[in-house]
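The values are calculated or read from the model by the stated rules, or taken from the named source; none is laboratory data. None of the values given here were measured: they were computed from a predicted structure. Cβ coordinates were reconstructed from backbone atoms using ideal geometry, including for glycine residues, and neighbour counts include every protein chain displayed.
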Amino acid sequence: MALLVMAVIHLARDDIGSAEQRLSEAKSNALARGVALLALRDEALAPFLPDRSDRRGGPNRQGSEDTVGNSERDSSIFSRRYELADHSAVATVHPASGFVSLNGASEEELRALFRGIGGASGSEAIALAGAVIDYRNQRSPRSARLEDFAGFRSREELLTVDGMRKAVYDRVKDFVQPFEASSLDLSRAPKRLRQLFPNGTHGGQSEAGRSGNRSNSGASVAAPDGLVTFESLNRQRAARISANTHSAVIVKIQLDNGQHSNYRVWVAGATQRVIHSERLSMIGKEDQLWH
């Protein structure tokens with residue numbers, strides 16, 4: 001009987017621990033979404049503030065410490081620290097074009113991503129880049145049989161690309177996005193991508209830049225590869241509409257219990273509606289690549 005009681009107590013403790021962990025994750029997720037909206041509001045208001053140090057990368061008006069390194073102070077990346085009750089968060093705003101577009105990146109950009117960040121070999125990176133382009137243009141057997149196909153819809157869809165290894169995906173998933181097909185804006189990209197393309201070069205110019213097609217907002221949009229069909233033209237039109245209308249807010253959170261979490265929260269620009277949030281792989285103080 002004593003052993004049975006001890007077993008029940010042990011299981012109960014495990015259940016309590018699991019419940020507390022799920023509660024912390026739910027709290028972090030909700031906090032990240034709220035902070036993301038605050039950061040986008042503050043970024044929009046920053047140009048109208050009298051104190052220029054409160055615009056991009058400087059300390060906030062409550063006197064919080066500078067949230068970005070010295071090398072970022074003159075950049076166009078907006079970052080701010082928030083203290084909310086006993087929780088703290090640092091939010092950094094990037095446009096969707098600050099990440100590699102699964103639906104519009106050039107083959108050169110994709111090769112560099114898979115090799116430089118994904119750790120793929122040279123030949124593997126070439127094969128993966130070609131497989132991504134085939135998939136998004138429905139030349140892949142897997143995408144060819146999909147109805148109402150409109151290109152990549154999530155980063156997880158990379159796992160369905162021919163030849164994609166989980167290890168490569170895990171390394172690159174935080175640096176890709178499916179929401180637009182515009183050229184990569186390195187000036188507002190995470191540090192890891194800026195390091196990948198030194199001196200602002202990334203394969204010369206992306207498919208988007210070579211195409212010469214531009215949306216009303218001025219963002220370049222990739223031309224459809226291969227056979228021009230109604231579906232490819234529709235994808236291009238959708239890309240124009242969505243180009244530069246989505247923002248990704250990287251939110252680093254520390255809860256009152258000491259737990260650290262990193263999220264990327266996607267927000268639709270026109271409506272300021274949170275689309276969804278993604279848990280990032282890099283957690284805690286060792287993450288220096290998102291600054």
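Annotations for the structure displayed:
- Looking only at the stretch 1-52, and only at residues there that are among the basic types (Lys, Arg) and surrounded by fewer than 16 Cβ atoms within 10 Å (Cβ to Cβ), the one that is modelled with the highest pLDDT: 41
- Extreme residue, modelled with the highest pLDDT, among residues of the stretch 240-274 that are surrounded by fewer than 17 Cβ atoms within 10 Å (Cβ to Cβ) and charged (D, E, K, R): 273
- Residue list for the stretch 91-106, restricted to those being part of a loop (DSSP other than H, G, I, E, B) and of a type in the set (A, V, I, L, M, F, W, C): 99, 102, 105
- Exactly one residue out of 124, 109 is touching a strand residue (DSSP E or B) at 6+ places or on another chain (Cβ under 9 Å), of a type in the set (Asp, Glu), assigned by TED's automatic domain parsing to the domain that holds residue 166 and part of a helix (DSSP H, G or I), and it is 109.
- Looking across the stretch 135-163, the residues that are surrounded by fewer than 20 Cβ atoms within 10 Å (Cβ to Cβ) and under 20 Å from the mean Cα position of the chain (by Cα) come down to 150, 153, 154, 155, 156, 157, 159, 160.
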